[in-house]
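Input: a single structure, listed below in structure tokens.
None of the figures in this text is laboratory data; all of them are computed from the coordinates on show. Nothing here was measured: the structure is a model prediction, and the numbers come from that model. Here the Cβ is made from the backbone with ideal geometry for all residues, glycine too, and neighbour counts use every protein chain on show.
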Amino acid sequence: MSKLNATDIQGFVLRGYNLPVARYLFLHFESAPRARSLIARLLAHVTTGQRWDGSKPKITVNIAFTHRGLVHLELPDATLLSFPVEFQQGMKHRSEILGDCGVNAPERWEAIWREDRVHAWLGINALTPDALDARCSAMVSDIEETGGAIVLGSQDAAAVVIDGKPTTKEHFGYTDGFGNPDYLGVERSSQPGQGKLMPNGSWAPLATGELLLGYADEAGEIPVGPVPHLLASNGTFMVYRKLHQNVATFRGFLERQAAAYAGGKEKLAAKFIGRWRDGTPIELAPDHPDPSIAQDPNRNTNFTYGADAEGTRCPIGAHIRRVHPRDAFGFNGRLINRRRITRRGLPYGRFAAEGDPVSDTEDRGVIFMALNASISRQFEFVQQQWVQYGNDAHLGNDKDPLMGNHGGHGRFVVQGDLSRANPPLICSHLPDFVELRGGDYFFLPSITALGMIAMGLVDPR
Amino acid sequence: MPNKNGSVYGLTILSPIIDDDKATPSHDLQIRDYLARLSTREDSPFAVAPGTHLARLVVLDDVIYVGMPACEEHLKSKYLIFESNCDGDLDGYLHGLADTIADHLDAIWKHCVGYPGAANRQAFVDYMKACQLNTTFYFAAVNDKSVEETLRALQTKTAVADFIATHQGADPATLQREFIRFAAELKARPIPRPGSMGPLRDIKTGGHNE
């Protein structure tokens with residue numbers, strides 16, 4: 001495997017667009033022939049993975065389908081039944097497996113996600129709000145003209161703007177988006193720490209089949225995908241989750257815990273996630289943020305935890321140490337390399353700067369989108385075992401401090417040492433900092449597969 | 001040396017299930033039905049009986065060769081497989097089972113060929129040993145501690161973590177006073193019941209996280 005056919009892969013799969021505004025339209029199909037002609041019309045606008053070579057587009061369009069959507073597009077039964085079980089079931093049905101209970105339970109989701117009516121996701125990213133509005137209204141007219149779908153609703157998302165510049169900050173104030181893996185064949189400026197750790201300490205790209213269907217994965221197997229192979233190949237699965245952030249709860253909790261923590265509030269905030277709020281890995285800079293590390297691609301993801309087995313620099317339960325344990329489990333990474341996901345996503349809602357008044361009820365959070373070849377092996381495993389449980393990290397029943405579904409009973413241990421500035425701390429009665437408001441599992445087909453769907457050419461024989 | 005690893009014993013028992021085409025439902029299904037209703041928490045027979053770290057009961061219908069080219073092989077009988085990682089010597093363990101969960105044993109093994117019943121103690125022990133296979137490789141993640149020691153350690157870990165969480169920042173004199181009181185109180189606590197310390201989780205884990 002040397003080079004992927006990037007023009008056959010949706011661009012959203014191969015790269016984060018780094019465009020500051022986005023709108024996600026949720027479509028419902030009523031008639032299969034009309035829906036197919038709509039897809040045929042959209043096909044010309046879908047952004048592929050082709051290199052931009054300096055002329056970055058001002059707007060991108062991508063499309064993905066729920067299993068229900070593919071049923072309504074009248075794909076052959078033999079094809080529909082060949083999709084992985086978790087995709088057929090959809091995210092709502094998987095709530096017990098994911099720990100989506102309590103405040104995260106489907107009964108509490110937004111109506112659009114409770115009603116099982118979403119058939120397709122149309123993702124539009126743009127450089128400016130005006131470009132976004134113009135493209136979306138043109139698209140909605142297309143949709144109405146063809147009668148191909150009903151627009152059930154939409155979700156706006158945008159990079160947090162600080163001092164007039166779009167940033168990669170999220171609402172709790174952390175700089176986000178460091179941890180995406182490298183894959184074989186995917187052209188992008190790779191950096192150490194983003195693929196898999198090799199025995200000699202270097203980092204190598206993960207097998208293509210961890211991201212894309214139709215290629216060998218880390219076990220040397222072709223991931224489970226639908227038949228025919230041509231429908232699956234160059235496609236992937238997307239997990240869409242709308243995560244509301246209780247910013248007032250977070251700030252209040254941090255403030256109260258910091259009062260009893262000699263390391264100070266910012267250090268405690270860094271201990272929660274494993275990075276200072278500017279993105280500096282606490283593993284590399286345990287005492288203070290260091291912009292020269294945070295902004296250096298050769299350093300900001302280039303670290304391991306082997307020399308910090310006690311977690312005195314980066315707590316063992318810190319978010320980034322849980323979801324990407326790097327060298328933590330031994331066996332040359334074999335327990336980790338098949339559990340990696342690629343994250344896309346943007347915050348939504350108004351950003352409240354530190355010190356501005358905030359309330360939990362204000363609509364703000366992050367649209368979390370994860371891409372992986374196997375939702376059950378990758379996303380669901382990470383969510384169930386590493387976010388909502390602690391056994392693999394030797395943390396008993398503790399959950400991820402920020403993402404965990406704590407219900408007021410969570411605990412987070414900050415390991416410390418004997419120095420005054422780095423004491424241990426046990427945070428108890430963790431509330432729910434993040435609440436799930438809905439989402440679903442989607443199939444993001446290749447350009448060829450989109451054409452097959454549009455022209456009714458999907459033939460499993 | 002099979003079966004023993006430090007103080008932990010790995011027990012494997014294969015008991016042939018009665019093949020009676022007049023029995024409805026069949027004996028293997030009757031075992032499956034009984035097993036499916038057993039608790040996996042404090043009320044599990046293996047939590048009630050002493051000395052079990054973990055145990056598993058499986059009905060083995062037949063062998064299925066998965067591969068190419070397929071070759072067809074069959075067992076002479078259906079078997080009940082009983083696997084247990086337990087404390088101490090085998091005789092003591094089997095007697096402990098017969099002392100505490102004879103009804104469960106009889107309800108399960110009465111469907112097996114030649115089972116004498118737990119009331120006939122020597123015959124029961126002889127029967128189980130006659131069905132035993134050597135165990136050469138088994139899961140023994142218990143640090144060579146007995147079930148009671150393990151439960152006590154878990155209890156201590158949880159209690160100490162709670163103590164630390166509620167006494168952070170206390171002045172040394174208070175901390176010492178409280179800790180002495182706590183340590184005495186902890187020592188006096190009864191050992192928790194087996195099966196009582198896991199989290200209450202609805203999640204069923206498995207190959208596909210199902």
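Would you tell me the mean number of C-beta atoms belonging to other protein chains that fall within 10 Å of each C-beta in A:423-430, as a whole number?
Values: counts 2, 2, 4, 8, 2, 6, 1, 0.
Counting other chains' Cβ atoms within 10 Å and averaging over A:423-430 gives 3.
Helix-only estimate, please: 222 nm mean residue ellipticity of the protein assembly as shown, summing -39500 (n - 2.57) across DSSP H runs of length 4 or more and dividing by its residues, to the nearest 500. Working shown, then result.
Working: 21 runs with 180 residues, N = 671.
Per the formula, -7500 deg cm²/dmol.
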> Expressed as a whole number of Å, what is the distance separating the alpha-carbon centroids of the stretch A:10-37 and the stretch A:184-202?
Replying inline: 30 Å
> List the lysines whose alpha-carbon lies under 23 Å from that of A:Lys265, not counting same-chain residues fewer than 8 positions away?
Replying inline: A:Lys169, A:Lys399
> In whole Å, what is the distance between the alpha-carbon centres of the stretch A:230-245 and the stretch A:370-405?
Replying inline: 18 Å
> Listed here are the pairs A:Lys3/A:Lys165; A:Lys58/A:Lys196; A:Lys56/A:Lys242; A:Lys56/A:Lys165; B:Lys22/B:Lys78; which of them are more than 25 Å apart at the Cα?
Replying inline: A:Lys3/A:Lys165; A:Lys58/A:Lys196; A:Lys56/A:Lys242
>> Under the rule of at least 5 residues apart or a separate chain, name every residue whose amide H is placed under 5 Å from the amide H of B:Lys4.
In response: B:Gly10
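Pairs of alpha-carbon atoms within less than 8 angstrom and 6+ residues apart define the contacts here; what relative contact order does the stretch B:4-133 have, in percent?
That works out to 36 percent.
Using unit Cβ charges (K, R positive; D, E negative) and no other charged atoms, how large, in debye to the nearest 20, is the dipole of the stretch B:11-50 about its Cα centre? Present the calculation step by step, with values, prior to reporting the outcome.
Values: 4 positive and 7 negative charges, 29 e Å.
Value, rounded to 20: 140 debye.
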>> Could you give each residue of the stretch A:414-431 its phi-based ³J(HN,Hα) in whole Hz, using Karplus coefficients 6.51, -1.76, 1.60 with θ = phi - 60°, and x for Gly or Pro?
In response: 9, 5, x, 10, 8, 6, 5, 7, 9, x, x, 8, 10, 8, 10, 6, 4, x
>> Check which residues have an amide H placed less than 5 Å from A:Ala318's amide H, if you skip close sequence neighbours.
In response: none
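Could you order peptides A:200-211, A:266-277 by the average number of other Cβ atoms within 10 Å of their residues, highest first? Each step should come with its number before you reach the end.
On the way: A:200-211: 19.3, A:266-277: 22.8.
Put in order of decreasing packing, that is A:266-277, A:200-211.
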>> Nearest 10 degrees is fine. How inclined is helix B:27-36 to the longest principal axis of chain B, computing both from alpha carbons?
In response: 10 degrees
> Going by average Cβ neighbours within 10 Å, how do the peptides A:50-60, B:142-152, B:63-73 rank, with the highest at the top?
Replying inline: B:142-152, A:50-60, B:63-73
>> Along the Cα→Cβ direction, 7 angstrom out, place labels at A:Lys165 and A:Glu144. What is the inter-label distance in nm?
In response: 4.1 nm
> So how far apart, in nm, are the two label points at A:Gln295 and A:Gln50 if each is 7 Å from Cα heading toward Cβ?
Replying inline: 3.5 nm
> Residue-wise, which Karplus ³J(HN,Hα) couplings in Hz belong to the stretch A:24-31, taking 6.51 cos²θ - 1.76 cosθ + 1.60, θ = phi - 60°, and x for glycine or proline?
Replying inline: 10, 9, 10, 10, 10, 8, 10, 10
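Below 8 Å between Cα atoms, with a sequence gap of 6+, how large is the relative contact order for chain A in percent? Could you put the intermediate results ahead of the total?
Working: 1012 pairs, mean separation 107.2, N = 461.
RCO, chain A: 23 percent.
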> What is the distance, in nm, between label points placed 7 Å from the Cα along the Cα-to-Cβ direction at A:Ala216 and at A:Asp287?
Replying inline: 4.8 nm
> Counting only residues 5 or more places away or on other chains, whose amide H sits under 5 Å from the amide H of A:Gly153 once H atoms are built in the peptide plane?
Replying inline: A:Phe26
> Which lysines does B:Lys4 reach when only Cα atoms under 25 Å apart count, and residues fewer than 8 places away in its own chain are ignored?
Replying inline: B:Lys129, B:Lys145
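Please compute the average number of Cβ atoms from other chains found within 10 Å of each residue's Cβ in peptide B:69-77. Don't skip to the answer; put the middle values down first.
Details: counts 0, 0, 0, 0, 0, 0, 0, 0, 0.
Mean partner-chain Cβ count within 10 Å for B:69-77: 0.
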>> Per-residue Cβ counts within 10 Å, from other chains only, averaged over A:90-102: what number is that?
In response: 2
>> Students often forget the sequence filter, so: which aspartates and glutamates lie under 20 Å Cα-Cα from A:Lys92 once same-chain residues fewer than 8 apart are removed?
In response: A:Asp100, A:Glu107, A:Glu110, A:Glu115, A:Asp116, A:Glu380, A:Asp432, A:Glu435, A:Asp440, B:Asp202, B:Glu210
> How large is ³J(HN,Hα), in whole Hz, for each residue of the stretch B:175-192 in order, when computed from phi with the Karplus curve 6.51 cos²θ - 1.76 cosθ + 1.60 and θ = phi - 60°, using x for Gly and Pro?
Replying inline: 4, 5, 4, 5, 5, 4, 5, 4, 5, 5, 5, 5, 4, 7, 5, x, 5, x
> Hey, got the dipole for the protein assembly as shown? About the Cα centre, +1 on K and R Cβ, -1 on D and E Cβ, debye to the nearest 20?
Replying inline: 1180 debye
